[in-house]
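Derivation of every value follows stated rules applied to the coordinates shown; laboratory data play no part. All values reported here derive from a predicted model rather than from experimental measurement. Glycine gets a Cβ as well: all are built from the backbone with ideal geometry, and neighbour counts include every protein chain shown.
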Amino acid sequence: MAGSFVYGGSGLSTIDGKGRCTIPSELRSTVEISSNGNVVCLARHPDLPCLMGFGTAERDRLATDLDKQWDYAQQRGEQFDRQVAGGPIASSLMEIGFEASGRFVMPPMLRHFGKLEGQAFFHGNITNFYIWNPSILLRQEADFEMQKEIAEYFLAEAERKRK
């Protein structure tokens, strides 16, 4: 599938005892379009204590990018190991079907790597989206001030609705 997709928007989802949670509608529509269906790709983020998600078109673009890097390295006479370069994301990458409502079951391994318990904060990051344990996001020291403020908003709204 050609084209660019912008993952924008944020939302908070609960995670029940069976691992069920829901992709927020703003992100869900982009996942549906970029996957040409109800499939989301989720993986452990290679550098942050969260998960990352995207549609199958982005997954395919990542593979194409690795091939381009390999071709470029070959042209320069350098070594490039595609398996090592793609390993940080590919080793935990899972394709997961979701219902029209956005509900899906988060696999236990991904819940473990994302340290997800009870709640998941989703936020768009243009080419993908992140899924954070809100308490872990709120403890991040740098570079996440806007995301933290948005997460605090959703947490306060969820608390207000519980009362």
Residue list for the stretch 1-47, restricted to those being in contact with a strand residue (DSSP E or B) (Cβ under 7 Å, 6 or more places away or on another chain), farther than 15 Å from GLY124 by Cβ and not in a strand (DSSP E or B):
ILE15, LYS18, GLY19, ASN38
Go through the stretch 89-145 and give me each residue that's free of Cβ contacts under 8 Å to residues at least 12 places away in the same chain, loosely packed, with under 14 Cβ neighbours inside 10 Å, under 16 Å from SER10 (Cα atoms) and of a type outside the set (D, E, K, R).
none
Anything in the stretch 148-163 that is surrounded by fewer than 19 Cβ atoms within 10 Å (Cβ to Cβ) and in contact with a helix residue (DSSP H, G or I) (Cβ under 8 Å, 6 or more places away or on another chain)? List them, or say none.
LYS148, GLU152, LEU155
